[in-house]
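So the structure is just underneath, and the comments pick up after that.
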Amino acid sequence: MQTIRGFRDILPEHISLWQKVEKEVFHLFEDFGFKEIRIPILEKTQLFARSIGEVTDIVEKEMYTFADRKGDKLTLRPEATASIVRSYIQHKMYAIDPVRKFFMIGPMFRRERPQKGRYRQFYQIDAEIFGVESAYVDSELIFLLNELFKRLGLTGLSAHINSLGCPECRPSFQTALLNFLESKKDRLCENCLRRMDKNPLRILDCKVNDCREALADAPATLDHLCKDCSDHFDTVKKSLKEQGLDFIVDKSLVRGLDYYTRTAWEIQTTTLGAQSAIAGGGRYDSLVKELGGPQTPAIGFAVGFDRLVEVMEQIESPEKKTLDLFIIALGDKAMEKGYHWSCKLNLAGIRTEIDFRGKSLKALMKRANKLGAQYVLIAGEKELAEDSLVLRNMNTKDQVSLPIETLIPDLIKLYKNKPEEILRD
Ligand code: HAM
């Protein structure tokens with residue numbers, strides 16, 4: 001049996017970078033006032049179709065959708081924003097305090113063509129802020145992303161930002177776009193032609209080369225912003241500059257989801273080949289209302305966790321966890337005692353292993369080496385009879401005898417960084 005295409009195991013030897021990121025996210029995001037939220041992996045298909053948009057790649061081609069036994073249409077979440085908005089509305093969070101900051105880490109599912117940096121089950125680190133229209137919040141989220149990547153040691157990233165306007169400026173942009181598209185009709189792919197009537201903005205993120213060339217000088221939302229959107233975007237840029245954050249204004253950045261309004265951005269890396277977006281986000285000031293809540297501005301981003309780890313792997317190798325102590329128990333009696341010692345030491349936070357397979361001293365020493373044990377405790381029949389065990393430092397090869405009576409406190413002392421008290425001669 002094998003995993004499904006595009007799905008993968010993340011094996012223990014690769015997990016340390018994932019855990020490093022998770023620790024940093026919890027620490028940093030909580031310092032910035034975000035609270036963790038956990039949302040279901042499965043939702044009604046309608047939720048994603050209505051929020052991401054019926055005429056988008058995700059909804060048209062990429063969702064894992066099926067009917068359950070009662071015939072209800074369900075979908076494995078392709079992203080987190082829609083579910084968090086649903087939760088915000090369902091629990092009437094706006095009524096108690098409309099201003100909320102959430103984050104979550106978890107798997108998402110999109111049936112895309114798998115390649116490096118692109119999986120069908122992938123992980124996102126997602127953050128959302130509800131209830132604040134101010135441009136400082138846009139700036140704060142980009143600042144936060146930058147800080148996360150800085151703490152993780154990432155370099156060579158670039159922030160691409162754009163403004164997608166609001167329902168007020170969209171009509172003028174759409175008219176200009178449709179006029180332009182009409183003049184390029186013969187160069188567009190079938191999918192783009194189909195989208196012309198239904199969702200022309202999505203044509204701007206078509207990946208087909210010929211379309212990209214034809215659309216090179218397409219009108220941009222940035223040139224059609226109303227005064228409020230334009231002022232809002234100016235404040236975002238000014239505030240990023242004041243914080244010393246570099247960014248590129250990218251008129252062609254439209255993102256692949258329909259809910260965005262005003263600021264949208266992507267953080268790109270040059271080290272992952274085609275899959276260059278390591279994070280993406282933006283405002284979605286109309287979505288809460290569209291899904292049945294009160295008018296509530298909102299904004300957020302998601303980091304592609306798999307891609308982030310792949311970039312980190314290029315700069316550091318996963319940390320190899322070592323073992324504090326390996327107990328070599330020779331014989332049944334030693335194993336019985338060794339088992340209890342091992343549990344006690346584990347409880348004291350000392351990473352201890354014991355092998356119960358009845359192997360020889362030589363084989364067990366080999367295993368201790370393989371596991372990277374710092375110390376080995378040898379308990380053979382002779383040692384038990386003399387009430388004293390041998391503790392061997394695997395680096396220096398020094399050995400001392402430890403009385404069984406005080407074994408556990410002695411070892412705890414050793415691992416509290418006072419080895420000199422134990423290795424006295
Ligand atoms: P998105 O741009 O679709 O945005 O995804 C965010 C990030 O997830 C991407 O930049 C990429 O790093 C990663 N990603 C997407 N698809 C895959 C895949 N198949 N394999 C590996 N990584 C992938 C969203 O999902 C929005 N919900 C972000 C957001 C939150 N906007 C507002 N709030």
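General remarks:
- Hits in the stretch 38-81 - residues which are touching a residue at least 60 places away in the same chain (Cβ under 8 Å), surrounded by 15 or more Cβ atoms within 10 Å (Cβ to Cβ) and under 30 Å from Asn191 (Cα atoms): Leu47, Arg50, Ser51, Ile52, Gly53, Val55, Thr56, Asp57, Ile58, Glu79, Ala80, Thr81
- Criterion violated by Ile142 - all others in (1) in a helix (DSSP H, G or I); (2) touching a Pro at 6+ places or on another chain (Cβ under 8 Å); (3) closer than 18 Å to Tyr284 by Cα; (4) among the hydrophobic types (A, V, I, L, M, F, W, C) satisfied: (2)
Residue-by-condition table, conditions (1) crowded, with 17+ Cβ neighbours inside 10 Å; (2) of a type in the set (Val, Ile, Thr); (3) within 27 Å of Ala274 (Cα to Cα):
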| site | (1), (2), (3) |
| --- | --- |
| Gly165 | yes, no, no |
| Cys169 | yes, no, no |
| Glu213 | no, no, yes |
| Asp223 | no, no, no |
| Cys229 | yes, no, no |
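- Test: residue in the stretch 115-130 that is out of contact with any helix residue (DSSP H, G or I) (no Cβ under 8 Å at 6 or more places or on another chain) and surrounded by fewer than 16 Cβ atoms within 10 Å (Cβ to Cβ): yes
- Of the criteria (1) assigned by TED's automatic domain parsing to the domain that holds Ile142; (2) at pLDDT below 95, which one Gly304 fails: (2)
- Any hit, the stretch 157-167, residues being on the phi < 0 side of the Ramachandran plot, within 16 Å of the ligand (Cβ to nearest atom), in the same structural domain as Ser276 (by TED's automatic domain parsing) and free of Cβ contacts under 8 Å to residues at least 24 places away in the same chain: no
- Residues located in the stretch 284-297, provided they are in contact (Cβ under 8 Å) with a residue 40 or more places away in the chain and either surrounded by fewer than 16 Cβ atoms within 10 Å (Cβ to Cβ) or more than 8 Å from the ligand (Cβ to nearest atom) (or both): Asp285, Ser286, Leu287, Val288, Glu290, Leu291, Gly292, Gly293, Pro294, Thr296, Pro297
- Among the candidates Leu240, Leu245, Leu253, Leu272, the residue that is of a type in the set (A, V, I, L, M, F, W, C), within 16 Å of the ligand (Cβ to nearest atom) and closer than 16 Å to Leu141 by Cβ is uniquely Leu253.
- Residues located in the stretch 307-331, provided they are among the acidic types (Asp, Glu) and over 21 Å from the mean Cα position of the chain (by Cα): Asp324
- Scanning the stretch 98-140 for residues that are farther than 15 Å from Phe301 by Cα, near the ligand (Cβ under 10 Å from one of its atoms) and of a type in the set (A, V, I, L, M) returns no hits.
- Restricting attention to the stretch 131-147, the residues that are aliphatic (A, V, I, L, M), farther than 17 Å from Thr261 by Cβ and surrounded by fewer than 21 Cβ atoms within 10 Å (Cβ to Cβ) total 1.
The values are calculated or read from the model by the stated rules, or taken from the named source; none is laboratory data. None of the values given here were measured: they were computed from a predicted structure. Neighbour counts run over all protein chains shown; Cβ positions are idealised from the backbone, glycine included.
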